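I have placed the structure first, in the form of structure tokens, so that the comments after it can refer back to it.
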Amino acid sequence: NNEKSVPQLLISDLKFEKKSLAKLMFSPDQENHPSKAPVKYGELIVLGYNGSLPNGDRGRRKSRFALFKRPKANGVKPSTVHIACTPQAAKAISNKDQHSISYTLSRAQTVVVEYTHDSNTDMFQIGRSTESPIDFVVTDTVPGSQSNSDTQSVQSTISRFACRIICERNPPFTARIYAAGFDSSKNIFLGEKAAKWKTSDGQMDGLTTNGVLVMHPRNGFTEDSKPGVWREISVCGNVFSLRETRSAQQRGKMVENETNQLQDGSLIDLCGATLLWRTAEGLSRTPTVKHLEALRQEINAARPQCPVGFNTLAFPSMKRKDVVDEKQPWVYLNCGHVHGYHNWGNKEERDGKDRECPMCRSVGPYVPLWLGCEAGFYVDAGPPTHAFSPCGHVCSEKTTAYWSQIPLPHGTHTFHAACPFCAHQLAGEQGYIRLIFQGPLD
């Protein structure tokens, strides 16, 4: 057994410079003078992108979107309700300056709820449409896709005006989520087929076609986080258990003791893309890209070696996160032994996918390792000791453990755990593996 004669290097054994890393831990927001910086409510980060969209972030289409206090409030709140096809209802719908939600009950009857300006809140809208009312344009996430051309052929299931987030302009800057967004005419239409109903206090409410699902983690977004329960959010922000399938006509049961208030680590699923909500306070406790870069340099400084070629391995820089480098570490996913790329143990009858580890003879997939660069997905600032399987994205142990427990909506009625950095469905017993590096022999 040649394992004993070789110095093994578990990255957790590296004596990371605690002081220098502590300085890098805090987010750049805290370095600015607090009085000058605009108030940040939080950020939305799309799962499946490791720091930026494949073809780069552009305008309102990017992998993360920060919500800042607006110079002038643009929030709205419900006011007058018009029933049936009255002239006032028709006027409210056609008035381009008046926000309204129309609930079509039948050809003969429509209920129109007028919305009025709310000087205490800011509204942000998310959806697939590139029209001006949408602040954050989100397209379907294709697992592991390297370019937007991979995503164009898919028929999108994300609504054009998917949801809206309303933030209080005064502390504690509470953010709430509602299904559906207002279109260019400031209207939301729920057609005859949409699930809708009259509430006990005489108001109207409804669900959108594919629904907006939310999951609040238990214990916040920390190393002690545990998955919560997925719920559906209505147009008026009420909370329901899930429908049988995404677009079923029958709504779930109302969950009285839960709210549409977002908390640090809440997940929002738009049926085609899942977003992570991070509060400004939560982000201030999250590792920064600088911190992750320091950890990368720390690993590379330990000069891990390939046990076969004895060449030194190094994680490529954060910017080169798609091109396999010649010094790139590779891992055998069944055992966690890290090597450089080599052709040893490649048995043709195994389709070239499974390889035999030279260290321990276990057979399994052999993949390059990539650092997880999107700091917002990390639940702690621990060293990058573990990798998701089968994609090879590397981050801290607690981060891999957390995401491997989260059932993410997939299609219209299934759920599975996925890597937050590339959206690949996780495989194997745990969905992740501890990495075993070999230290330098000298």
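With R₀ set to 25 Å, the beta-carbon distance separating T130 from F189 gives a calculated FRET efficiency near 0.85. Ignoring the sites themselves, the chain has its longest run without chymotrypsin sites (Phe, Trp or Tyr not before Pro) in a DSSP loop having at most 12 other Cβ atoms within 10 Å at 1-309.
If R0 equals 30 Å, the separation of the Cβ atoms of Q249 and R176 corresponds to a calculated FRET efficiency of about 0.70. Each of the GluC sites (Glu not before Pro) that DSSP puts in a loop and that has at most 14 other Cβ atoms within 10 Å breaks the chain; the longest unbroken stretch is 18-130. Only bridges whose two residues both fall in the range 289-434 count here: according to DSSP, what percent of them are antiparallel, nearest 5? Antiparallel: roughly 90 percent of the beta bridges in the range 289-434. Within the listed set T385, T259, T121, the Gaussian network model of the chain (springs between alpha-carbon atoms below 10 Å) gives the highest mean-square fluctuation for T259.
Computed from phi, the 3J(HN,Hα) profile of the range 297-303 under the Karplus parametrisation 6.51, -1.76, 1.60 (θ = phi - 60°) reads 5, 4, 5, 5, 5, 6, 6 Hz, with x in place of Gly and Pro. Note that the range 196-250 presents 45 Å² accessible area per residue, ligands and nucleic acids not counted, probe 1.4 Å.
Each semi-axis of the equivalent ellipsoid for the range 289-434 is √(5λ) with λ an eigenvalue of the Cα gyration tensor; in descending order they amount to 24, 21, 12 Å. Using the rule -39500 (n - 2.57) for each DSSP H run of four or more residues, divided by the residues of the chain, the 222 nm mean residue ellipticity is -3000 deg cm²/dmol. Less than 5 angstrom separates the built amide H of W370 from those of H393, V394, all sequence-distant by 5 or more or on a different chain.
Using a simple spin-label model with pseudo-atoms 7 Å out from Cα toward Cβ, T199 and S119 lie 2.5 nm apart. Couplings 3J(HN,Hα) of the range 183-192, computed from phi: 7, 5, 9, 6, 10, 10, 10, 10, x, 4 Hz, in residue order, whole Hz [Karplus 6.51 cos²θ - 1.76 cosθ + 1.60, θ = phi - 60°; x for Gly and Pro].
Site pair N95 and N219 shows an inter-label distance of 5.1 nm when each label is modelled 7 Å from Cα along Cα→Cβ.
Summarising the label geometry, the points placed 7 Å from Cα in the beta-carbon direction at K36 and V363 lie 6.3 nm from one another. What FRET efficiency comes out for the pair S79/Q405, r = Cβ-Cβ distance, R0 = 56 Å, nearest 0.05? Efficiency, rounded to the nearest 0.05: 0.85.
Given a 1.4 angstrom probe, I'd like the percentage of the accessible area of the chain that is carbon and sulfur, rounded to a whole number. Using a 1.4 Å probe with all protein chains present, the chain comes out at 50 percent carbon and sulfur. If both residues of a DSSP beta bridge must be in the chain, then about 90% of such bridges are antiparallel.
The values are calculated or read from the model by the stated rules, or taken from the named source; none is laboratory data. Keep in mind it's a predicted model, so treat the numbers as computed, not measured. Because the Cβ atoms are built from the backbone with ideal geometry, glycine has one as well, and the counts that use them run over all protein chains shown. To get the accessible areas, we keep the full protein, side chains included, count just its heavy atoms, and leave off ligands, DNA and RNA. Shrake-Rupley method; radii C 1.70, N 1.55, O 1.52, S 1.80 Å.
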